[in-house]
Amino acid sequence: MSAEILPTHTPALFQQAVERAVALLQRGEVVALPTETVYGLAASAWDPDAVARIYAIKGRPAHNPVIVHIADATQAAQCTPHWPPLAARLSAAFWPGPLTLVLPRSPLVPDIITAGGSTVGLRWPQHPFMQAVIRACGFPLAAPSANPANALSPSSADHVARSLGDRLPLIIDGGDCNVGIESTVVDVTGDLPRILRPGILSSEAIAHAAGVEIPRTTPAPGTTAPLRSPGQLSRHYAPVTPLVIRRWIDDADLARQLADDRCTPAETWIVSYRRIPDSGRFPNVVLIPDDPEAYARALYGELHRCDQAGARRIVVEAVPDKPAWDGVADRLRRASRVDEAVR
Ligand code: TXA
Ligand code: MG
C-alpha cells in the first residue's frame with residue numbers, strides 16, 4: 001500500500017479531504033491527520049479493532065495508552081464520568097489547543113485505549129481539519145503521533161509519508177504543524193495538576209490557569225519511579241542520528257568538546273540558536289529561532305532534515321533552563337538518551 005496524500009489548501013479540497021477521511025474512519029481504517037501539535041494516526045475511539053490497527057502500524061507496546069480527541073463537550077462527557085474543577089479550569093483556558101487532560105475513564109472507552117488503566121487522556125485539538133473530521137464522524141478519534149514507536153514525531157505530511165506511507169491508505173496534508181511538539185499532558189485526577197509530559201504550555205501557564213501552585217520540576221527521564229505516562233520513557237522522540245546536547249563558549253571550545261568523538265565536522269550537524277558556529281569550521285550549521293514557541297515549531301522539521309541529510313551526529317546547543325523552554329528541553333533530553341532505548 002502506498003498512502004494517498006490529499007491536500008487541503010482550498011475550501012473545496014478541504015471538504016473533499018474531510019469526506020475521504022471520514023469514509024475511511026467509518027469503515028474502521030486508520031488515517032494520518034494533521035493537528036496543531038504533530039500529525040496523528042487516527043481511528044474511531046469506539047472501535048477497538050481499529051485502535052488495535054493503530055498499535056500494529058506504530059509498533060506501539062500495548063501498555064502505552066493512546067489519547068482521545070474530541071470536538072465538543074458531549075464527546076468529553078462520553079469519555080469521562082467526572083469533570084473535576086481542575087479539568088474545568090484547564091479546559092476553559094486551553095481547549096481547543098495543545099493540552100491533554102488525564103481524567104477518570106468512562107466504561108464506554110475501550111480498554112485498548114487506556115491500556116487497561118482507570119484513566120483516559122482527552123484532547124480537544126485546535127486544528128480546523130481535525131475538528132472538521134471529528135464533527136463529521138460524530139465519534140471521537142483515538143490518535144497517537146503518526147510515527148513508528150519511539151521515533152521522532154511528524155510535523156508535516158511528508159514526515160508521515162516517509163515513515164509510515166506504505167502502511168496507511170490516506171495521509172491528509174494540513175501543512176506544517178503550528179505548535180510542532182506534542183501536547184502538554186496533565187493529570188487532573190488528584191488535588192493538584194500533575195504534568196506528565198511538558199509541552200508548549202508551561203508549568204507556569206498551567207498553574208496560573210488552575211489557580212494553584214505546582215512544582216516546575218518534571219519527572220527526570222530514566223528514574224525508577226512508577227511510570228505514570230509512558231511518554232516519560234527516556235528514549236522517545238528521537239531522530240535516527242545520535243544526538244548530543246552541548247554548551248560552548250566559542251568555536252574553539254566546541255571543537256575541543258567534539259574532538260574526542262569519531263565523527264568529523266563534515267559528518268556533524270550543529271543545531272544552534274545563540275552561539276552560532278562559523279560555517280568555515282563547521283560546514284553543517286542549522287539555525288533555529290531563539291524563542292521557545294518558534295523553536296518548538298521548527299525543531300522536529302530540523303531533526304528530520306538532519307536524518308535525511310545523512311548526518312552521523314547531531315549536536316544541539318543547550319536551551320535555557322526556564323519554564324517556557326521545558327517542553328523543548330524535555331524532547332531534546334529524550335532524543336539524546338541513546339543508551340536507554342525502550343525495548
Ligand atoms: O499532541 C499530541 O498529544 C499528539 C497529537 C496527535 O494529538 N498525540 C500524541 O499522542 O502525542 P502519543 O500517544 O504519541 O502521546 C500521548 C502521551 C503518551 O506519552 C501516553 O503514554 C500518554 O500521553 N497517555 C495517554 N493516555 C494516558 C493516560 N490515560 N494516562 C497517562 N498518560 C497517558
Ligand atoms: Mg508519540
* Asked: Are there any pairs, at least 6 apart or on different chains, whose C-beta atoms fall under 9 Å, with the first in segment 197-212 and among the charged types (D, E, K, R) and the second assigned to a helix (DSSP H, G or I), and if so, which?
  -> Arg197/Gly231; Arg197/Gln232; Arg197/Gly327; Arg197/Asp330; Glu204/Pro323; Glu204/Ala324
* Can you run down the residue pairs with Cβ atoms below 8 Å, 6 or more apart or on separate chains, where the first is in segment 132-146 and under 16 Å from Leu122 (Cα atoms) and the partner is modelled with pLDDT of 95 or more and more than 16 Å from ligand 1 (Cβ to nearest atom)? => Arg135/Asp72; Phe139/Trp46; Pro140/Trp46
* Identify, please: which residue in segment 251-276 is closer than 21 Å to Trp325 by Cβ and over 26 Å from the mean Cα position of the chain (by Cα) and is, among those, least open to solvent (accessible area, probe 1.4 Å)? -> Leu254
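When you check Val66 against the structure, is it in a loop (DSSP other than H, G, I, E, B), within 13 Å of ligand 1 (Cβ to nearest atom) and either farther than 20 Å from Pro148 by Cα or at pLDDT 95 or above (or both), yes or no? Give the derivation first.
On the way: in a loop (DSSP other than H, G, I, E, B): yes; within 13 Å of ligand 1 (Cβ to nearest atom): yes; either farther than 20 Å from Pro148 by Cα or at pLDDT 95 or above (or both): yes.
In short, yes.
Hey, could you check segment 123-167 for residues that are in a loop (DSSP other than H, G, I, E, B) and more than 16 Å from ligand 2 (Cβ to nearest atom) and say which is surrounded by the fewest Cβ atoms within 10 Å (Cβ to Cβ)? It would help to see each step written out before you state the result.
Looking only at segment 123-167, we keep the residues that are in a loop (DSSP other than H, G, I, E, B), and these are 124-127, 138-140, 143-144, 146-150, 152-156.
Filter once more, so that each one left must be more than 16 Å from ligand 2 (Cβ to nearest atom): 124, 126-127, 138-140.
On the way: Trp124: 23, Gln126: 18, His127: 23, Gly138: 11, Phe139: 17, Pro140: 28.
Residue satisfying both the conditions and the ranking: Gly138.
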* Return yes when Ala71 is over 28 Å from Ser2 (Cβ atoms), hydrophobic (A, V, I, L, M, F, W, C), touching a residue at least 60 places away in the same chain (Cβ under 8 Å) and within 13 Å of ligand 1 (Cβ to nearest atom) and no when it is not. => yes
* Asked: Consider Val319 against the criteria (1) of a type outside the set (Ser, Thr, Tyr); (2) within 25 Å of the chain's Cα centre (by Cα); (3) open to solvent by 20 Å² or more (accessible area, probe 1.4 Å): it satisfies all of them except one. Which criterion is unmet?
  -> (3)
* Structure fact -> Here the residues within segment 19-63 that are surrounded by fewer than 20 Cβ atoms within 10 Å (Cβ to Cβ), assigned to a helix (DSSP H, G or I), more than 13 Å from ligand 1 (Cβ to nearest atom) and not acidic (Asp, Glu) are Arg20, Val22, Ala23, Leu24, Gln26, Pro48, Ala52, Arg53, Ala56
* Asked: Among the numbered criteria (1) over 20 Å from Glu4 (Cβ atoms); (2) within 11 Å of ligand 1 (Cβ to nearest atom), which single criterion is violated by Arg135?
  -> (2)
* Asked: Ile200 versus (1) open to solvent by 10 Å² or more (accessible area, probe 1.4 Å); (2) in a helix (DSSP H, G or I); (3) within 13 Å of ligand 1 (Cβ to nearest atom): which is the lone unmet condition?
  -> (2)
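Only one of Arg228, Arg235, Arg247 is within 15 Å of ligand 1 (Cβ to nearest atom), open to solvent by 30 Å² or more (accessible area, probe 1.4 Å), modelled with pLDDT of 55 or more and out of contact with any Pro (no Cβ under 6 Å at 6 or more places or on another chain). Can you tell me which? Working first, answer last.
Numbers: Arg228 fails: modelled with pLDDT of 55 or more; Arg247 fails: within 15 Å of ligand 1 (Cβ to nearest atom).
Among Arg228, Arg235, Arg247, only Arg235 is within 15 Å of ligand 1 (Cβ to nearest atom), open to solvent by 30 Å² or more (accessible area, probe 1.4 Å), modelled with pLDDT of 55 or more and out of contact with any Pro (no Cβ under 6 Å at 6 or more places or on another chain).
Counting only residues that are in a loop (DSSP other than H, G, I, E, B), on the phi < 0 side of the Ramachandran plot and more than 16 Å from ligand 2 (Cβ to nearest atom), which one in segment 169-181 is most open to solvent (accessible area, probe 1.4 Å)? Break it down into steps so the answer makes sense when it comes.
Filtering segment 169-181 for residues in a loop (DSSP other than H, G, I, E, B) gives 169, 174-181.
Going one step further and asking which of them are on the phi < 0 side of the Ramachandran plot, we end up with 169, 174, 176-179, 181.
Subsequent filtering for residues that are more than 16 Å from ligand 2 (Cβ to nearest atom) retains 169, 174, 176, 178.
Numbers: Pro169: 28, Gly174: 22, Asp176: 126, Asn178: 96 Å².
Among those that are in a loop (DSSP other than H, G, I, E, B), on the phi < 0 side of the Ramachandran plot and more than 16 Å from ligand 2 (Cβ to nearest atom), it is Asp176.
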* Structure fact -> Filtering segment 90-122 down to residues that are more than 10 Å from ligand 1 (Cβ to nearest atom), assigned to a helix (DSSP H, G or I) and either open to solvent by less than 60 Å² (accessible area, probe 1.4 Å) or within 21 Å of Gly327 (Cα to Cα) (or both) yields Leu90, Ser91, Ala93, Phe94, Ile112
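The values are calculated or read from the model by the stated rules, or taken from the named source; none is laboratory data. Not measured: the values here are computed from a predicted model. Ideal geometry is used to build each Cβ from the backbone, glycine not excepted, and the neighbour counts take in all protein chains shown. Heavy atoms of the whole protein, side chains included, go into the accessibility calculation; ligands, DNA and RNA do not. Shrake-Rupley method; radii C 1.70, N 1.55, O 1.52, S 1.80 Å.
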